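K.L.:
Before I ask anything, here is the structure I am working with.
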């Protein structure tokens, strides 16, 4: 049994659903999941579909070719097709904060995450013992003003060598270079410690304290060139009060960051996220 | 342009999605929405689908016939098909509490609800002025131990006369008879003022106070013969503390009841709810 | 039995709590509620206290004099003292949206709100029937560019004539003048339809849609000269998804607006809110 | 500078607040925190107070004596007085699940928890490596039907030897004996994986799945003899849908369990919880 996941988007047009489902059926595929969305403002059609093929001689490459020649050109589809059994490979970039790292590795260990973690990378050595205790390779790539380009080169090498599918910045605290972003478009997930678009930039809890908000938030998004402005994957909030000091807000925020980032990772790893025009469509 | 909504469920089996979508396409239908769910424990397939037909001579009755002869028997489908333009007719049963009534009528007035309200029925006269101010017919059907059967008869007549599709008990405070339940299966929506299955029965806020819970809830469900045990449509909660008196819990609960009931009404009126084995599948 | 509510703030200093509680005791007052907060950043002490006096000859005016001469000067207190039995008078300013108005009047009718509503004022006539159905005087004060000053004068007269304590803008949709703000500092409550400080200004749901947020919010705050920048009293949020159109966001937002505004009104009417340096301290 | 935390409750009576605050002031104490609650149903007064003493010769024991002879007998107070600097000692009982353990130890390491963890105890060896990696002594005390009494004896010895103040059952999965409960009344914190009182007992997620709830919860409470019926400290919930399998509910529940238990630990460790008649008063 082979199972594939297909994600497509295109201009909205008649018969697109029926055409794709018929194609699957006529190739002995049994559709086991289908969900779709139409963005009425922009007239764009989105679909996620999972399909099983019982044939023992199913070849993903050949099926991709067939799909391409039969439907892609006709409907001008943008598409991605995955073997549903193949776990994506995630690189973890961290710095000195450990709460998101512990949360991710705890879930990873318990089998909650459908992914592999070939390595953890950090500009500091502080979290190496945690990586060690989970038996995950740890690379120390310091970043200084002088070594920035060199560090980036080292990162790219590691990502390529390990055939990384997507990157998670688990409070990495460094601006990621345009080169990296261009090479991994909508594949670098960040956790921002505020309810975006409120409190863009550094020290959002300080700003939240100053403004006297009654709710703090956390936002996971794909990294784009513009700071904290990439497509939002997941957000959550917690209620706070005047009794919270900045330190209290930061502590409360850590709980949000952990869960919001892990949820975003799960959605991405399970290929449930599509991006169009800086917004996400999430088939959950 | 005609638009239909189709809800089906059946034993899970190969090609069911492709068969239905092909059927629509081969009858000049353009599928504009599709969502499905498989209950893996019980091996049941559920689907909701919306389809547009541009043909000026489309007849819902004929199409239903065709669907039945082509697919229903083959796949042993349980199914419902609606003209998506036809608003369902909702009867509102109330007693003396007005908060849910105001909330529903406010939304109704603002055009938020896709339904018609042919009448409001109550065993008391207290809320008649509200019905009047919204220009909705109000029937006073008192219920006493002696007149119970007679009242039920009157209710059934009104429901039939107005071709009511579903009934909402907006804090109606009376046990609904088996006759009514049997005639409107999964079509009588109740709001229970607790987080079911905690605090079944009367006075749930008193029980919540006594147990010292830190969260109160509200549950909207379809009425079945067993008290407060019908399929759950919607639930929500609010955080409370030791400072809440029973009166405070009741006041806080009113906010929950309003929103939970209105959400359940919207889901039902938009034909987004399916029921199987006392549980709901909600295509939202 | 007389009951007073006292709110004070001052520079944080030793013995302030004991001094105030001793003062009450030595004047035959029995403290039935006390709560306090220290802002450690600004070194400011805040306290809310309720006290009962059984003496039949208790005079609030005389007691205020005594409090002033005994404690206010010594500790350089900023203070407010209320008869806890006296309901504050609230003026309701509305425009064309009715959801907040219905919500407030429904609660008012049910006895949930500790306040009086001497009148409702609007720049349009649309909501007059609602005011009428609740038997509350309705004043139509149109606002155009030409009549702006005249309208403001009319508003001030009405507020004075009815001895209004605070004003609620229940989606009033007009910029309130500096004159009014200066006359009612931290006494004009607004509901903003976003999670401030995200999406300041007009059309926040359009901005939220464009940014692709996964959560929308609502904020109730006191009006200050700077737009949407006044002290925040209450906030709440709702989860949304890519399937929400702008219209859907607006509908979902209405539920938030109603509850957030009503909660803010309750906190203010029960004298549970203090303001310092553009932030609120809420003794709930 | 010495700082104490005082918790008292007694029959509600006039002047109790003023008496306590005066007592503190007359002993050169500066009250830095005060909060109180009156249970109007049962007529019980509760207070939490923090007070600083600058005198270099302050003795907690002597002050306790003085407090006792001056106020305790007069007002028939139930009371506890702590040196606010002394961290309570917490024993962690675990079994095979690691998510709560990781969460607690992560917070412990980051300095978020005001407590010491002298040891971790388990009936299995599975989690020993985690205890080791955090450098916390781990005791393996297997529990079988035959060794039950012996195991309990071993537990009591360890608790006594390490002068444990309170016990946390972080998914310990064993019924705790009456002997232990009697020795640590309202000092054994459990995490139950449902929104109590719904789904008491084992396998609550299976029951939640069967009932088709739209919300799952988690409850932290003190252990009493009656199963899952002790005073509730903290609860939280998450929204779920028909798409959640039992496995999904369990995974989602883990997030709740972690945060709810950690919050309960924080409240207890900071002496913010009082218990009366099987309910908690929480001064947060």
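K.L.:
Modelled label-to-label distance, residue A:41 and residue B:43, 7 Å Cα→beta-carbon offset: nm?
P.N.:
4.6
K.L.:
Right, here's the next one. What is the residue of chain D with the smallest Cβ distance to the axis taking D onto A, and what is that distance in whole Å?
P.N.:
Closest Cβ on chain D to the axis mapping it onto A, in Å: D:133, 2.
K.L.:
By how many degrees, between 0 and 90 and to the nearest 10, does the Cα long axis of helix C:16-26 differ from the longest principal axis of chain C?
P.N.:
On a 0 to 90 degree scale, this one is about 60.
K.L.:
Arrange the following residues from fewest to most other Cβ atoms within 10 Å of their Cβ: B:195, A:46, A:199.
P.N.:
On the way: B:195 28, A:46 20, A:199 25.
In increasing order of surrounding Cβ atoms, one gets A:46, A:199, B:195.
K.L.:
Let me ask something additional. How much mean residue ellipticity at 222 nm does chain B get from its helices, if each DSSP H run of length 4 or more adds -39500 (n - 2.57) and you divide by all residues, to the nearest 500 deg cm²/dmol?
P.N.:
Theoretical 222 nm ellipticity from helices: -9500 deg cm²/dmol.
K.L.:
Report, as an integer, the average count of C-beta atoms from other chains found within 10 Å of each Cβ along D:41-53. Please list the in-between numbers first.
P.N.:
Details: counts 4, 0, 0, 0, 1, 1, 1, 0, 2, 0, 2, 1, 0.
Going residue by residue through D:41-53 and averaging, the value is 1.
K.L.:
Nearest 10 degrees is fine. How inclined is helix D:246-269 to the longest principal axis of chain D, computing both from alpha carbons?
P.N.:
Its long axis makes an angle of about 20 degrees.
K.L.:
Expressed as cubic angstrom per residue, what is the convex hull volume of the alpha carbon set of the protein assembly as shown? Don't skip to the end; give the middle numbers.
P.N.:
Working: hull volume 242.1 nm³, N = 1136.
Here the figure is 213 Å³ per residue.
K.L.:
What's the average, rounded to a whole number, of partner chain beta-carbon atoms within 10 Å of each residue's beta-carbon in C:16-26?
P.N.:
Numbers: counts 2, 11, 13, 3, 2, 11, 6, 1, 4, 7, 2.
Shielding by partners across C:16-26 averages 6.
K.L.:
Among C:187, A:128, what is the fewest-to-most ranking by other Cβ atoms within 10 Å?
P.N.:
On the way: C:187 19, A:128 15.
Ranking C:187, A:128 by Cβ neighbours within 10 Å, fewest first, gives A:128, C:187.
K.L.:
Let me ask something additional. Once every Cα of the range D:1-77 carries one equal point scatterer and solvent is ignored, give the base-10 log of I(q)/I(0) from the Debye formula at q = 0.17 Å⁻¹, two decimals.
P.N.:
Each listed q corresponds, in turn, to -0.64.
K.L.:
Name the residue, out of C:121, C:267, C:249, whose mean-square fluctuation peaks in a Gaussian network model built on chain C with Cα pairs under 10 Å.
P.N.:
Fluctuation is largest for C:249.
K.L.:
Okay, next question. With both bridge residues required to lie in chain A, what share of the DSSP beta bridges run antiparallel, to the nearest 5%?
P.N.:
75
K.L.:
Under the definition of partner shielding as Cβ atoms of other protein chains within 10 Å of a residue Cβ, what is the mean value for peptide A:128-141?
P.N.:
Working: counts 0, 1, 3, 0, 1, 5, 1, 0, 0, 0, 0, 0, 0, 0.
For this peptide, the per-residue mean of nearby foreign Cβ atoms is 1.
K.L.:
Another question, then. Order these by the 10 Å Cβ neighbour count, fewest first: A:181, D:265.
P.N.:
Fewest-to-most ranking of A:181, D:265: A:181, D:265.
K.L.:
Here is a follow-up. Mind giving me the nanometre distance, one decimal, between the label points for residue C:241 and residue D:11, set 7 Å out from Cα along Cα→Cβ?
P.N.:
5.8
K.L.:
Once you've got the GNM for chain B with C-alpha springs shorter than 10 Å, pick whichever of B:16, B:191, B:259 has the biggest mean-square fluctuation.
P.N.:
Most flexible of the set in this elastic network: B:16.
K.L.:
Still on this structure, I have one more. Give the Debye-formula value of log10 I(q)/I(0) at each listed q (0.09, 0.11 Å⁻¹), with one equal scatterer per alpha carbon of chain A, two decimals each.
P.N.:
-0.50, -0.72
K.L.:
To check you understand DSSP bridge types, tell me what percent of the beta bridges within the range D:1-126 (both residues inside) are antiparallel, rounded to 5.
P.N.:
On the way: 26 of 31 bridges.
If I count the DSSP bridges inside the range D:1-126, around 85 percent turn out antiparallel.
K.L.:
Round to the nearest 10 and give me the degree value, 0 to 90, for the angle of helix A:148-161's Cα axis relative to the longest principal axis of chain A.
P.N.:
It is inclined by approximately 40 degrees.
K.L.:
Next up: Go ahead and set up a Gaussian network model of chain C, Cα springs under 10 Å, then flag whichever of C:244, C:222, C:184 fluctuates most.
P.N.:
Of the options given, C:244 has the highest mean-square fluctuation.
K.L.:
On to the next question. Which whole-number percent of Cα pairs in the range D:1-144 have a distance greater than 27 Å?
P.N.:
Numbers: 4660 of 10296 pairs.
Of all Cα-Cα pairs in the range D:1-144, 45 percent lie more than 27 Å apart.
K.L.:
Under a no-solvent Debye model with one identical scatterer per Cα of the range B:177-263, what's log10 I(q)/I(0) at q = 0.19 Å⁻¹?
P.N.:
Taking Cα atoms of the range B:177-263 as identical point scatterers yields -0.78.
Every read-out reported here was derived from the displayed coordinates using simple, explicitly stated rules and does not represent laboratory data. Here the structure is a predicted model, which is why all the values come from computation and not from measurement. Don't worry about glycine lacking a Cβ; one is built from the backbone with ideal geometry, like all the others, and counts go over all protein chains shown.
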